[in-house]
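Novice: One structure is given below, represented as C-alpha coordinates, and several questions about it will come after.
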Amino acid sequence: MHPALLILLCVLATSALSAVGHARITSLLSPLYLRLFHARAHAHSRAARAELLRLRLELGGISAQDDFAKWAKMRRRVDKLQVEAEAGNASTQAALSFFALLIRAGMLLATTVFPFVLTTYYGKTPMFFLPPARPNAPEGTTWLGPIGWVLSLTAAPAVSAGVWSTVVTRVLGLAIGAVASVSKDVQGVRSKRAAAQAGTAAGAEGEKAGQKSAVGAGGKGEKKMQ
(Lines give C-alpha, C1' and ligand atoms only; values in the text may rest on other atoms or scores of the structure.)
Protein backbone atom coordinates (compact mmCIF):
# COMPACT_ATOMS: atom_id res chain seq x y z
CA MET A 1 0.00 0.00 0.00
CA HIS A 2 1.27 3.45 -0.89
CA PRO A 3 2.31 5.50 2.17
CA ALA A 4 0.06 8.40 1.12
CA LEU A 5 -3.00 6.11 1.09
CA LEU A 6 -1.95 4.56 4.39
CA ILE A 7 -1.67 7.98 6.03
CA LEU A 8 -5.03 8.99 4.54
CA LEU A 9 -6.71 5.91 6.03
CA CYS A 10 -5.01 6.58 9.36
CA VAL A 11 -6.33 10.15 9.42
CA LEU A 12 -9.83 8.95 8.52
CA ALA A 13 -9.76 6.39 11.33
CA THR A 14 -8.47 8.84 13.93
CA SER A 15 -11.02 11.47 12.87
CA ALA A 16 -13.83 8.92 13.17
CA LEU A 17 -12.67 7.90 16.65
CA SER A 18 -12.42 11.52 17.74
CA ALA A 19 -15.89 12.27 16.35
CA VAL A 20 -17.46 9.33 18.18
CA GLY A 21 -15.73 10.24 21.42
CA HIS A 22 -14.35 8.38 24.42
CA ALA A 23 -17.60 8.39 26.41
CA ARG A 24 -19.74 6.94 23.62
CA ILE A 25 -17.23 4.21 22.78
CA THR A 26 -16.99 3.26 26.45
CA SER A 27 -20.77 3.09 26.86
CA LEU A 28 -21.14 0.98 23.71
CA LEU A 29 -18.40 -1.52 24.58
CA SER A 30 -18.95 -1.76 28.35
CA PRO A 31 -21.68 -4.46 28.19
CA LEU A 32 -19.51 -6.57 25.89
CA TYR A 33 -16.51 -6.15 28.19
CA LEU A 34 -18.52 -7.25 31.23
CA ARG A 35 -19.88 -10.30 29.41
CA LEU A 36 -16.47 -11.39 28.17
CA PHE A 37 -14.25 -10.76 31.19
CA HIS A 38 -16.62 -10.47 34.17
CA ALA A 39 -19.49 -12.68 33.11
CA ARG A 40 -19.82 -14.66 36.36
CA ALA A 41 -19.56 -11.65 38.68
CA HIS A 42 -21.92 -9.61 36.50
CA ALA A 43 -24.49 -12.42 36.35
CA HIS A 44 -24.27 -12.94 40.12
CA SER A 45 -24.74 -9.21 40.73
CA ARG A 46 -27.78 -9.07 38.46
CA ALA A 47 -29.31 -12.14 40.12
CA ALA A 48 -28.70 -10.64 43.57
CA ARG A 49 -30.41 -7.39 42.58
CA ALA A 50 -33.39 -9.22 41.11
CA GLU A 51 -33.73 -11.42 44.21
CA LEU A 52 -33.38 -8.36 46.44
CA LEU A 53 -36.21 -6.61 44.62
CA ARG A 54 -38.43 -9.68 44.91
CA LEU A 55 -37.74 -10.08 48.63
CA ARG A 56 -38.39 -6.40 49.29
CA LEU A 57 -41.78 -6.68 47.61
CA GLU A 58 -42.52 -9.80 49.62
CA LEU A 59 -41.32 -8.13 52.82
CA GLY A 60 -43.67 -5.23 52.19
CA GLY A 61 -46.61 -7.62 52.30
CA ILE A 62 -45.67 -9.09 55.70
CA SER A 63 -46.79 -7.38 58.89
CA ALA A 64 -44.14 -7.17 61.60
CA GLN A 65 -46.83 -7.14 64.29
CA ASP A 66 -48.83 -10.13 63.04
CA ASP A 67 -45.93 -12.41 62.04
CA PHE A 68 -42.75 -11.00 63.54
CA ALA A 69 -40.69 -14.22 63.18
CA LYS A 70 -41.31 -14.46 59.43
CA TRP A 71 -40.75 -10.73 59.02
CA ALA A 72 -37.43 -10.85 60.92
CA LYS A 73 -36.22 -13.84 58.89
CA MET A 74 -37.12 -12.12 55.64
CA ARG A 75 -35.48 -8.93 56.85
CA ARG A 76 -32.19 -10.74 57.52
CA ARG A 77 -32.24 -12.20 54.00
CA VAL A 78 -32.91 -8.76 52.55
CA ASP A 79 -30.00 -7.23 54.48
CA LYS A 80 -27.67 -10.02 53.39
CA LEU A 81 -28.65 -9.68 49.73
CA GLN A 82 -28.30 -5.92 49.94
CA VAL A 83 -24.70 -6.28 51.12
CA GLU A 84 -24.00 -8.72 48.27
CA ALA A 85 -25.64 -6.42 45.73
CA GLU A 86 -23.62 -3.43 46.94
CA ALA A 87 -20.40 -5.46 46.77
CA GLY A 88 -21.31 -6.58 43.24
CA ASN A 89 -22.05 -3.00 42.21
CA ALA A 90 -18.71 -1.85 43.60
CA SER A 91 -16.90 -4.61 41.71
CA THR A 92 -18.74 -3.75 38.49
CA GLN A 93 -17.95 -0.05 38.85
CA ALA A 94 -14.28 -0.83 39.44
CA ALA A 95 -14.23 -3.00 36.32
CA LEU A 96 -15.94 -0.28 34.28
CA SER A 97 -13.50 2.35 35.55
CA PHE A 98 -10.57 0.16 34.52
CA PHE A 99 -12.18 -0.43 31.12
CA ALA A 100 -12.72 3.31 30.63
CA LEU A 101 -9.03 3.84 31.41
CA LEU A 102 -8.11 1.21 28.82
CA ILE A 103 -10.32 2.90 26.22
CA ARG A 104 -8.77 6.27 26.97
CA ALA A 105 -5.26 4.83 26.64
CA GLY A 106 -6.21 3.04 23.43
CA MET A 107 -7.64 6.21 21.93
CA LEU A 108 -4.50 8.11 22.89
CA LEU A 109 -2.38 5.51 21.13
CA ALA A 110 -4.65 5.38 18.09
CA THR A 111 -5.21 9.11 17.62
CA THR A 112 -1.85 10.55 18.72
CA VAL A 113 0.98 8.05 19.08
CA PHE A 114 0.30 5.87 16.04
CA PRO A 115 -0.08 8.79 13.55
CA PHE A 116 3.12 10.34 14.91
CA VAL A 117 5.02 7.06 14.55
CA LEU A 118 3.61 6.56 11.05
CA THR A 119 4.56 10.01 9.79
CA THR A 120 7.98 9.72 11.42
CA TYR A 121 8.60 6.33 9.81
CA TYR A 122 7.72 7.70 6.37
CA GLY A 123 9.32 11.08 7.08
CA LYS A 124 11.79 10.82 4.18
CA THR A 125 9.48 8.94 1.84
CA PRO A 126 7.99 11.14 -0.90
CA MET A 127 4.20 11.20 -0.98
CA PHE A 128 3.80 13.17 -4.23
CA PHE A 129 6.45 14.64 -6.49
CA LEU A 130 6.06 18.32 -7.22
CA PRO A 131 6.37 19.40 -10.87
CA PRO A 132 9.54 21.37 -11.70
CA ALA A 133 9.36 25.10 -12.35
CA ARG A 134 10.64 24.71 -15.94
CA PRO A 135 12.31 22.00 -17.99
CA ASN A 136 15.88 23.14 -17.25
CA ALA A 137 15.27 24.39 -13.71
CA PRO A 138 17.82 23.61 -10.98
CA GLU A 139 17.27 20.44 -9.02
CA GLY A 140 14.78 20.87 -6.18
CA THR A 141 13.10 23.93 -7.74
CA THR A 142 9.33 23.55 -8.18
CA TRP A 143 6.64 25.71 -9.72
CA LEU A 144 5.34 26.53 -6.22
CA GLY A 145 8.54 28.37 -5.39
CA PRO A 146 9.27 28.78 -1.65
CA ILE A 147 5.96 27.11 -0.80
CA GLY A 148 7.15 23.99 -2.57
CA TRP A 149 10.26 23.98 -0.40
CA VAL A 150 8.09 24.12 2.74
CA LEU A 151 5.83 21.33 1.48
CA SER A 152 8.81 19.13 0.68
CA LEU A 153 10.64 19.40 4.00
CA THR A 154 12.52 16.15 4.73
CA ALA A 155 11.35 14.70 1.41
CA ALA A 156 12.48 17.14 -1.32
CA PRO A 157 11.46 17.50 -4.08
CA ALA A 158 8.16 15.88 -3.04
CA VAL A 159 5.39 16.44 -0.50
CA SER A 160 6.50 14.98 2.83
CA ALA A 161 4.50 12.67 5.08
CA GLY A 162 4.11 15.28 7.81
CA VAL A 163 2.75 17.91 5.44
CA TRP A 164 0.46 15.39 3.75
CA SER A 165 -0.93 14.27 7.12
CA THR A 166 -1.50 17.88 8.20
CA VAL A 167 -3.26 18.81 4.96
CA VAL A 168 -5.51 15.74 5.02
CA THR A 169 -6.41 16.33 8.68
CA ARG A 170 -7.23 19.98 8.01
CA VAL A 171 -9.34 19.28 4.93
CA LEU A 172 -11.19 16.47 6.65
CA GLY A 173 -11.87 18.67 9.67
CA LEU A 174 -13.29 21.40 7.43
CA ALA A 175 -15.47 18.86 5.62
CA ILE A 176 -16.82 17.44 8.88
CA GLY A 177 -17.51 20.95 10.17
CA ALA A 178 -19.34 21.88 6.97
CA VAL A 179 -21.48 18.74 7.09
CA ALA A 180 -22.31 19.35 10.76
CA SER A 181 -23.26 22.97 10.01
CA VAL A 182 -25.50 21.98 7.10
CA SER A 183 -27.13 19.26 9.19
CA LYS A 184 -27.79 21.74 11.99
CA ASP A 185 -29.31 24.23 9.55
CA VAL A 186 -31.54 21.54 8.03
CA GLN A 187 -32.75 20.48 11.47
CA GLY A 188 -33.48 24.11 12.33
CA VAL A 189 -35.52 24.58 9.13
CA ARG A 190 -37.45 21.38 9.82
CA SER A 191 -38.19 22.47 13.38
CA LYS A 192 -39.44 25.88 12.21
CA ARG A 193 -41.57 24.23 9.53
CA ALA A 194 -43.06 21.79 12.03
CA ALA A 195 -43.80 24.64 14.46
CA ALA A 196 -45.44 26.66 11.68
CA GLN A 197 -47.58 23.69 10.64
CA ALA A 198 -48.58 23.08 14.25
CA GLY A 199 -49.53 26.76 14.62
CA THR A 200 -51.58 26.65 11.40
CA ALA A 201 -53.37 23.50 12.53
CA ALA A 202 -54.12 25.05 15.93
CA GLY A 203 -55.45 28.20 14.25
CA ALA A 204 -57.69 26.16 11.96
CA GLU A 205 -59.06 24.20 14.90
CA GLY A 206 -59.69 27.45 16.76
CA GLU A 207 -61.60 28.87 13.80
CA LYS A 208 -63.71 25.71 13.55
CA ALA A 209 -64.46 25.84 17.26
CA GLY A 210 -65.42 29.52 16.95
CA GLN A 211 -67.72 28.80 14.02
CA LYS A 212 -69.40 25.97 15.94
CA SER A 213 -69.87 28.25 18.94
CA ALA A 214 -71.35 30.97 16.74
CA VAL A 215 -73.70 28.51 15.06
CA GLY A 216 -74.78 27.14 18.44
CA ALA A 217 -75.39 30.61 19.83
CA GLY A 218 -77.40 31.57 16.74
CA GLY A 219 -79.56 28.46 17.05
CA LYS A 220 -80.30 29.19 20.71
CA GLY A 221 -81.23 32.79 19.85
CA GLU A 222 -83.66 31.66 17.16
CA LYS A 223 -85.32 29.22 19.57
CA LYS A 224 -85.78 31.98 22.16
CA MET A 225 -87.34 34.28 19.58
CA GLN A 226 -89.76 31.55 18.57
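Novice: Checking residue 155 against (1) in a loop (DSSP other than H, G, I, E, B); (2) at pLDDT 75 or above, which test does it fail?
Specialist: So the condition that residue 155 fails would be (2).
Novice: Inspect all residues belonging to the range 59-79 and state whether any of them is assigned by the TED database to the domain that holds residue 10, touching a residue at least 12 places away in the same chain (Cβ under 8 Å) and within 24 Å of residue 30 (Cβ to Cβ).
Specialist: no
Novice: For the range 95-111, what are the residues that are modelled with pLDDT of 90 or more and among the polar types (S, T, N, Q)?
Specialist: If the condition is that a residue be modelled with pLDDT of 90 or more and among the polar types (S, T, N, Q), then 97 is the only one that fits.
Novice: So, of the residues in the range 74-117 that are of a type in the set (Lys, Arg) and surrounded by 12 or more Cβ atoms within 10 Å (Cβ to Cβ), which turns out to be farthest from the chain's Cα centre (by Cα)? Reasoning before the result, please.
Specialist: Looking only at the range 74-117, we keep the residues that are of a type in the set (Lys, Arg), and these are 75-77, 80, 104.
Those still in the list that are surrounded by 12 or more Cβ atoms within 10 Å (Cβ to Cβ) too: 75, 77, 80, 104.
Numbers: 75: 43, 77: 41, 80: 39, 104: 14 Å.
Residue satisfying both the conditions and the ranking: 75.
Novice: Let me ask something additional. Of all the residues that make up the range 23-63, how many are farther than 23 Å from residue 88 by Cα and either surrounded by 12 or more Cβ atoms within 10 Å (Cβ to Cβ) or touching a Lys or Arg at 6+ places or on another chain (Cβ under 6 Å) (or both)?
Specialist: Count: 2.
Novice: A further question on this structure: Can you pull out every residue in the range 1-22 that is surrounded by fewer than 16 Cβ atoms within 10 Å (Cβ to Cβ) and of a type in the set (Ser, Thr, Tyr)?
Specialist: Matches in the range 1-22: 18 only.
The values are calculated or read from the model by the stated rules, or taken from the named source; none is laboratory data. Note that this is a predicted model, so its numbers are computed, not measured. When we count neighbours, we look across all protein chains shown, and the Cβ atoms used for this are built from the backbone with ideal geometry, even at glycine.
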